[in-house]
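The values are calculated or read from the model by the stated rules, or taken from the named source; none is laboratory data. Treat the numbers as computed from the prediction; the structure is a model and nothing was measured. So basically every Cβ, Gly included, is an ideal-geometry build from the backbone, and we count neighbours across all protein chains shown. Heavy atoms of the whole protein, side chains included, go into the accessibility calculation; ligands, DNA and RNA do not. Shrake-Rupley method; radii C 1.70, N 1.55, O 1.52, S 1.80 Å.
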Amino acid sequence: MKRKSNPAAAARLPATTPWTDRVLVIILSAAIFVFAHFQALTNHWVINDDVRQQIYWMQQWEDPGLFQGDLLTAYARAYVPWGVKGLYRLASPLLEPQTFAKLLPGLSFISLSLWGKGLYPLPAAGVGPLIFSKWLPGLLFVFLGWCLFRIGACLGSRRLAWCTLGVYWLMPFFLDNLSGGLARSFAAPLLAFYALCWLAGSPWGLALALLLQALFIPYIFLVAAGATVLAWLAGRGRRGGASSCITWGHLLIVAVGAGLVWLMNHQYDAAGFGPLVSAADMANRPEFAAQGRFAILPVPSLLAALLGPWKDIAPFDTGVTGGVLGSVLLSGVVIWGGKALDWQVLKDKLQPFGYLLVSSLLLYFLARIFLLKLFIPDRYLIYTLNLCYCLGLALCLDKALGLRSWPRWLLAALVALVVIGSGVRLKDVGLKDFSMYRPLYAVLAQTPKDALIAGHPDLMDNVPTFAQRKVLVNYELAHPWSRGYWRRIRPRLEDFFKAYYAADPQVVRDFCRKYQVSFLVVDKRHFTPEFLAGGRYLTPFNPPLQTEGPRTAERVDCPFFAPFDAAIRRQIKARRDFVLLQPGNFPAMVVDKNQRVIDTRSFLRGKGLPQN
């Protein structure tokens, strides 16, 4: 792809920034991340909750005996994009405890002593993907900070570069979505990289960004591809211009990327998991309403989507007082700095973001019209909006600071204050602590590798990740938007709850035989009136149930999401004669005062249903 001459390029040459600045960007961003995610980096049981649906299965790369013939694992493997799978496949083996111990034996001994906390030994193999899921967000956090710093330099000055970086550090949205090293973790970094390459007039960088987006995060590829096509069409009507780095070669890359995205979707459908449901399929189905698995209906308005990010920017996430004070401060910066900005000069420089916004809005409306056929509408808007809000606030702050001269020591002190404030504000963002069930993981990890575990779906979320055993069904992978997959998962959920809250022991035996369940986990807290009455509470449901707690506490719908909650209440009515709470009927291994594990292998006579 040949670079075209661009008369406007001189207008957006990057500001000169010392090499020490770039080193500081990397060091400070890394320090903020390590402080914010120190719990995850030193505690095996603290992870992003979605690791339990997208990353856990990768443990079978090191131990092929894990998750054999498992429907949930086959589904998770099918919908994780190729780029994410490829990156984990390459990097995870390097972080396996055995490999790490050979490379750095002393450091590995110290790290694993901290990481496992000594109370429960780490699995012998397979934890490399979990370790990588904790460090990859840090690499992406640093990379995104570097991109935004360079974008600020391209748009204005060294001061604007630092303002952009500072605003980024203070916005929880970015680290929250980077956490876990999931597909969505690549959305903001690759979108910012795309914009940076455009601003820098790098055609090869643009091509690389588009291909990476197609491989790692397809819906962001659609946003960037749309911006590319729009800019190319606009460039046909005039000579030169800010979009002149977009060439025919980029249209070819867009076509290749679209082909990759289509192939990934085709593979997903061919496996029998798709297609995604339509608006007609979702109508009057509680799974897609506020109390369901995905609160998609009614679709929020465009105004709500545009204003949504400000609740965290303000910051209302710290409370009403903090939100109000933050809103007042931000309003002052926007008004004071915004009035002094020369928007006419900025118009050409901000062209990449303009095209990205137009593309995002077009895809947002198309996704609303063809609901879920193009995935969830706000996914096309939320990342572009937060990048633009970050940049807009930085521009206003830069101009406000430029209205008078400041001592260099004061500016340095301000950067130090922002670093400290960012670390505090981002502390544990995007993380959950699942250490409360460690005794259960220890018991289940001793079962045969081919054992199928059943238990309350919320509790089963953690078993494949930490005990490395397959489960009949869990909450994280109960996805009603995948039509083919849901046809097989919904009957499992219905049959499980009938058995779990049964009064007749034969119902439990028949259930275990039907699905070839080897072990059944019972937690007596799931049978309390408060839990069954419904609500959103913190795990592990110790009475009285709590609605407020630390950021790392998991909140779930009790007794389960709709429509299963109503079905459970209809089934039990006012009775309390739950057979699974009667030890005489089902002898079990006692985990603690609340949990028991029933060995149901003696029930498995005759042929059960296939697992796929």
Report task. Could you state, as a whole-number percent, how many of the C-alpha pairs of the range 375-456 are farther apart than 15 Å? Result -> 80
Query raised in the report: Which of Lys432/Lys470; Lys85/Lys593; Lys373/Lys514; Lys85/Lys432 have a Cα-Cα distance over 30 Å?
Result: Lys85/Lys593; Lys373/Lys514
Requested in this report: Would you pull out the residues with amide H under 5 Å of Lys432's amide H, same chain only if 5 or more places away, H placed 1.01 Å from N?
Outcome: Ile47, Asn48, Asp49
Report task. May I ask which residue of Ile246, Cys197, Gly549 lies farthest towards the positive end of the charge dipole of the chain, with charges of +1 (Lys, Arg) and -1 (Asp, Glu) on Cβ and the Cα centre as origin? Result -> Ile246
Requested in this report: Send over a whole-number figure in Å² for the accessible area per residue of the chain, probe 1.4 Å.
Outcome: 42
Query - Relative contact order of the chain, pairs being alpha-carbon contacts under 8 Å that are 6 or more residues apart, as % - result: 18
Report summary line: Ordered by number, the trypsin sites (Lys or Arg not before Pro) in the range 514-612 that occupy a DSSP loop and have at most 16 other Cβ atoms within 10 Å are Arg551, Lys573, Arg575, Arg576, Lys593, Arg605, Lys607
Report summary line: Quick shape summary for the chain, equivalent ellipsoid via Cα gyration tensor, semi-axes whole Å in descending order, reads 46, 26, 24
**Report entry** 3J(HN,Hα) from dihedral phi, the range 26-37, Karplus parametrisation 6.51/-1.76/1.60, rounded to Hz, x for glycine, proline
**Finding:** 5, 5, 5, 4, 5, 5, 4, 5, 4, 5, 5, 10
**Report entry** Binned Cα-Cα distances of the range 145-235, short to long, each 10 Å bin given as a whole percent
**Finding:** 17, 44, 34, 5
Report task. Return an integer: the convex hull volume of the alpha-carbon atoms of the range 245-388, in Å³ per residue. Result -> 151
Report task. Please sort by residue number the chymotrypsin sites (Phe, Trp or Tyr not before Pro) in the range 341-417 whose DSSP state is loop and whose Cβ has at most 10 other Cβ atoms within 10 Å. Result -> none
**Report entry** Taking the C-alpha atoms of the range 409-450, convex hull volume expressed per residue in Å³
**Finding:** 107
Report task. Determine the percent antiparallel among the DSSP beta bridges restricted to the chain, to the nearest 5. Result -> 75
Requested in this report: Could you tell me what percent of the accessible area of the chain is made up of carbon and sulfur, with a 1.4 Å probe and every protein chain present?
Outcome: 67
